[in-house]
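Computed from the coordinates by the stated procedures, all read-outs in this text should not be read as laboratory data. Being a predicted model, the structure only gives us computed values, none of them experimental. Glycine also receives a Cβ, built like all others from the backbone with ideal geometry; neighbour counts cover every protein chain displayed.
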Amino acid sequence: MGFTSKPFSEQVAIVTGGGSGIGRAFTEALASAGAKVVIASRRSDVLRRAADEINATLATERVFPYEFDIRDRAKIEALVNDVFARWQTIDVLINNSGLAVPETVEEITDEGWDTVMETNLRGVMQLMRAVLPHMRRNDFGDIVNVSSQAGKHGYADVPSYCASKFGLLGYAEALRDHVRKTGANIRVFNFCPGLVDVEITRTGQAAREGFIHVANLARTLMYALSLDRNVVLEDINLYTR
Ligand SMILES: NC(=O)c1ccc[n+]([C@@H]2O[C@H](COP(=O)([O-])OP(=O)(O)OC[C@H]3O[C@@H](n4cnc5c(N)ncnc54)[C@H](OP(=O)(O)O)[C@@H]3O)[C@@H](O)[C@H]2O)c1
């Protein structure tokens, strides 16, 4: 097992929730560097628009929309099978899809809890389980999990979200230990950002007070991925000053 590198122009990425917010910023950065990026989530109109806009800017087709629901195991497996069948590789997986249901510990409903856990945690596990054999076979992969400041600290208004994001970090550590033990050329990165502005996203515009401009996440992603194959910037905590 080696530490072989691979140019972005030969890489294929899947970014869940890549049509909006942080996922879209990651998608733009990867596609600008030359990677093919499959953006996957439920809203096909949002995905289509993002892909069209980015492809028009780059004057080439690098972003491919794929409608899927991370709560649906069959859709997860179809996504992975379709991407692998088309390009015979999945080099980068960005587990970015996520949501919060704001219910305090006293208000929490089983439905709210399940929605958060199935989206932010179970879906990631199922997607990982489907992607990992392909990365192992090609002996190349970068996995990026978008956790949160709420994966490190508890907040009274979103206990289920905190549990899912803490859980995501625990799962990622186990995954990292697994790939290390198997000697695979696979790296696992976690982003734990504070509040990110997903409304004011243009370059040059200032983010709202107390929020991180989303471009900082994209720049950090590309920096992290650019490190030597045997180096992992494990947990990336990004907060405003
Ligand atoms: N913004 C922040 O301040 C902040 C801070 C820390 C961490 N985060 C995390 O960053 C990630 C991205 O969030 P964002 O802030 O960029 O907000 P966002 O634009 O709302 O992104 C969330 C994405 O998740 C997708 N998604 C939700 N449910 C899904 C499902 N069942 N199946 C597939 N995709 C689904 C959504 O797409 P569809 O609706 O099309 O399915 C959407 O693109 C999330 O994991 C969030 O927890 C955000």
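Tell me which trypsin sites (Lys or Arg not before Pro) from region 1-88 have a DSSP coil assignment and no more than 16 other beta carbons within 10 Å of their own. Spell out each step's value before the answer.
Details: sites: R24, K36, R42, R43, R48, R49, R62, R71, R73, K75, R86; in loops: R42, R43, R62, R71.
Answer in residue order: R42, R43.
Determine, for Y223, Y155, the number of other Cβ atoms within 10 Å of each Cβ, and report the residues in order from fewest to most.
Y223, Y155
Shape of region 33-145 from its Cα gyration tensor (a ≥ b ≥ c, root eigenvalues): rounded if a/c is under 1.5, otherwise prolate when a/b > b/c, or oblate? It would help to have the intermediate numbers written out before the result.
Working: a/c = 2.38, a/b = 1.47, b/c = 1.61.
Taking the square roots of the gyration eigenvalues as a ≥ b ≥ c, region 33-145 is oblate.
Lys pairs in the chain, Cα-Cα under 25 Å, at least 8 apart or on separate chains: how many?
6
Can you tell me how region 8-238 classifies by the Cα gyration tensor, rounded, prolate or oblate, using a/c under 1.5 as the rounded cut? Before the final figure, lay out each step's value.
Numbers: a/c = 1.36, a/b = 1.16, b/c = 1.17.
Note, shape of region 8-238 comes out rounded.
Grab the DSSP H runs of the chain that are 4 residues or longer, score each as -39,500 (n - 2.57), total them, divide by all residues and round the 222 nm result to the nearest 500 deg cm²/dmol.
Working: 7 runs with 103 residues, N = 241.
Helix-only estimate at 222 nm: -14000 deg cm²/dmol.
Name the shape class, rounded, prolate or oblate, that the alpha-carbon gyration tensor gives for region 72-115, where a ≥ b ≥ c are the square roots of its eigenvalues, rounded holds for a/c under 1.5, and otherwise prolate holds if a/b is larger than b/c and oblate otherwise.
Details: a/c = 6.76, a/b = 2.83, b/c = 2.39.
Judged from the Cα gyration tensor, region 72-115 comes out prolate (a/c at least 1.5, a/b above b/c).
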